[in-house]
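Reading through the structure tokens given below for one structure.
The values are calculated or read from the model by the stated rules, or taken from the named source; none is laboratory data. This is a predicted model, so every value here is computed, not measured. As a convention, Cβ positions derive from the backbone with ideal geometry for all residues, glycine included, and neighbour counts pool all protein chains shown. SASA here: full protein model, heavy atoms, side chains in, ligands and nucleic acids out. Shrake-Rupley method; radii C 1.70, N 1.55, O 1.52, S 1.80 Å.
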Amino acid sequence: MAGSAIGLGNIWRFPYLVGQNGGAAFVIVYILACIVLALPIFFAESIIGRRGRGNTFGAMKKLAPGTRWKWVGLLTVLTPVILLGYYSVVGGWSVDYLWKACTGAFANDPRGLFGGFISKTWEPIIMHTIFMALTALVILLGVKNGIEKFSKVAMPLLFVLIVAIAVYGMTLPGSFKGVEYLVKPDFSKLGPGSIAAAMGQAFFSMSLGVGTILTYASYSPENESMLDSGIGTAVSDLMFALLAGFAVMPAVFSAGIAPGEGPGLVFDTLPFIFNQMHSVVGAAVSILFFLTVLVAALTSSISLLEVGVAYLSEEKGMSRRRSTVILALITWAIGIVCSLSFGPLSGVKVIGLSFFDLLDKLCSNVLMPLGGLLFVIFVGWKMSKADVRDEFTSGGRRNTRIFGLVYFLIRYVAPIGIVIVGLTALI
Ligand code: PFF
């Protein structure tokens, strides 16, 4: 679950959203959203997955037979396919940057590197294809255990690297403004759109509302502490995001990059930092950094594909191999259009957004909150309290004292919170 949660959302998405939404005030709202809205959804998904012992559709069907709830399961099978469509494009960018790091591209003046890459037609598509192929291969070859073991080494390494980059970034001239930007809140910069963005990012980062946590929970043993999984995932996820913020923002200010520039922020800023380092150190750090980011991205992308693979193989009797190939091809095709929307298709806008931005907003601001809302309503209002308690406390053996608070959060706080934030953003 932590492997799914920690990924490009922390390193790529969080820093640029902070930049677009005015800094520290956004960070505070984000942390609040993680605790009050995201954690209850995490528990709700875990309860449904473990109790229903199946994919999103199957688990709902089992827990509420003969009702329409199973269609919620189907909705959450569709969302990850869309999400992976553009996630894999960014995954492709990290493949490209690993390649650039290996070939010493950051040693020369790295300004304009990202803009030059992203506006091209073929290069980003080829990189996206490599990333999608890697994702499918991990599932097809059944090396999930392998990648899990690998990521147990890669994640601590990534953690150390981000801390080192953050510390180094803060020594650069003019970087103090970036630190200030992250710790000194200015709430006047926070619109209702920012609050919705913070909520969406909390769901995106913790992999919620799309059935990933539900599916993974369906594979987890009954006596595992749900509280520990939830807090463990949330804390590690949050730490990675905050550290990425501190690795990026000081350097943004030092380099004179606009904090609100959008999805390219990290890819513009990090090469600048590597370029400032001693050449051998810069080369080594950049290679290790993009390699570990790639591992983090892969452990997230396989979890996105897994939701649909579990559905097709458990409900439709399709082999896992066939399900993987079909879903990978669909997401690959979606990704191609997303990738082109930075280059040849950049002029094509739907409601003022490029195709990439449209899918990103659709997933994180609409589909994920909607999925999350339906999951908490299901657990808080449809399932019996006795069943919920039994599952959360592993049959009364664990976390019994905290159950009352968790149930209150699931039944009232999370659904009301999501609706209020959603409505405010709409208005
Ligand atoms: N949480 C992942 C990240 O932060 O990169 C992205 C993600 C994975 C979102 C799986 C949703 C999901 F189901």
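Taking the C-alpha atoms only, the angle from helix 279-315 to the longest principal axis of the chain is near 30 degrees. One chain, two ends: Ser384 and Ser346. Fully extended at 0.36 nm per residue, the span grows by 8.7 nm beyond their Cα-Cα distance. Restricting the calculation to Cα atoms, the stretch 1-116 yields a radius of gyration followed by a Dmax of 19.5, 63 Å.
Dipole size of the chain about its Cα centre, with +1 on Lys/Arg Cβ and -1 on Asp/Glu Cβ: approximately 1020 debye, rounded to the nearest 20. Accessible surface for the chain, divided over its residues, is 39 Å² per residue with a 1.4 Å probe. In this calculation the C-beta distance from Lys316 to Val143 is compared with R0 = 35 Å, giving a FRET efficiency of 0.90. Partners of Lys361 within straight-line reach, counting lysines whose Cα lies under 26 Å from its Cα and excluding those fewer than 8 residues away in the same chain: Lys70, Lys120, Lys189, Lys349. Per-atom-type breakdown for the chain gives carbon and sulfur 68% of the accessible area (1.4 Å probe, protein chains only).
Considering only Val27, Val90, Val167, the mean-square fluctuation computed in a Gaussian network model of the chain, springs between alpha carbons under 10 angstrom, is largest for Val167. Not counting the cut sites, what is the longest span of the chain without trypsin sites (Lys or Arg not before Pro) that DSSP labels loop and that have at most 12 other Cβ atoms within 10 Å? So the longest stretch without any such site is 69-315.
Computed from the Cα positions only, the extents of the stretch 242-305 along the three principal axes stand at 38, 31, 18 Å, in decreasing order.
In this view, the solvent-accessible surface of Thr233, computed with a 1.4 Å probe and all protein chains in place, comes to about 10 Å².
GNM remark for the chain: springs join alpha carbons under 10 Å apart, and the peak mean-square fluctuation among Ala284, Ala234, Ala136 falls on Ala284. The distance separating the Cα centre of the stretch 143-163 from that of the stretch 391-427 comes to 31 Å. Stretching the chain fully between Arg401 and Asp186 yields a gain of 73.6 nm (0.36 nm per residue, less the alpha carbon separation). To the nearest 10, the accessible area of Cys102 is 80 Å² with a 1.4 Å probe.
Per-residue packing, averaged as other Cβ atoms within 10 Å, sorts the ranges 288-297, 190-199 into the order 288-297, 190-199, beginning with the highest.
If you average 1/r across every pair of different Cα atoms in the chain and take the reciprocal, what Kirkwood value do you get, in Å?
Computed over the chain, the radius equals 21.7 Å.
Largest first, the residues Leu298, Leu141 sort by 1.4 Å accessible area into Leu141, Leu298. For the chain, with a Gaussian network of springs between Cα atoms less than 10 Å apart, report the residue from Ala244, Ala44, Ala64 with the top mean-square fluctuation. Comparing Ala244, Ala44, Ala64 in the GNM, the peak value goes to Ala64.
Listed by chain and number, the aspartates and glutamates whose alpha-carbon sits under 13 Å from that of Lys144, ignoring those within fewer than 8 places in the same chain, are Glu306. Taking the helices alone, the chain has a mean residue ellipticity at 222 nm of -23000 deg cm²/dmol, built from -39,500 (n - 2.57) per DSSP H run of at least 4 residues and averaged over all its residues. Sequence gap at least 6, Cα distance under 8 Å: using those rules, report the relative contact order of the chain to the nearest whole percent. Dividing the mean separation by the residue count of the chain yields 36 percent.
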